[in-house]
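Scroll down for the structure; my scribbles are underneath it.
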Amino acid sequence: MRGGEHKPCVDCGLRKTNHTSGKCTRCRGRRRNNQPRSLTFTALRAANLERCITAWHPLMDRRPAEYAGELLGMATLLRRACDSADERGAVECIVDVVLMADLLAVRMGHSLTVAIPERFDAVSRRIGSKVFLGAGGAT
């Protein structure tokens, strides 16, 4: 960037980006209404898989049943957190379940980006709902 030129902030659109940090001087990296950026399944999978491989173990070193066992244990912790009205603990357990389910899907050769809309739409058709994630629920 030359002289006084500023790139627009990706969060709020204002042209007041700090040259050294790259963050907006108005919103400081927060979206309008203080909302975080939207998360995509693609970004989740990439980060989740990289962390699994670099910090824990190669994905294929564990059988799918082992990932399923982890999910079962997490479900038990989630039930306990909900029973004790530990809202923060419950939300953390929900996130852990999503992350482990993503690893299990990858291990089994599936994508949640594809599987979730397919399953959601199948249930919508079964119960007679008009709410679909896929292409209008047509199959």
So how long is each side of the stretch 68-139 along the principal axes, counting just the alpha-carbon atoms, biggest first, in Å?
41, 29, 16
Each label sits 7 Å from Cα toward the beta-carbon; between Leu39 and Ala68 the label points are separated, in nm, by 2.5
Quick check on packing: order 70-76, 81-87 by the mean number of other C-beta atoms within 10 Å, highest mean leading.
70-76, 81-87
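Each reported figure results from applying straightforward, stated rules to the coordinates on display, with no laboratory input. It should be emphasised that the depicted structure is a prediction, and the values quoted were computed from it without experimental measurement. Methodologically, a virtual Cβ is constructed for each residue, glycine included, from the backbone with ideal geometry; neighbour enumeration extends over all protein chains shown.
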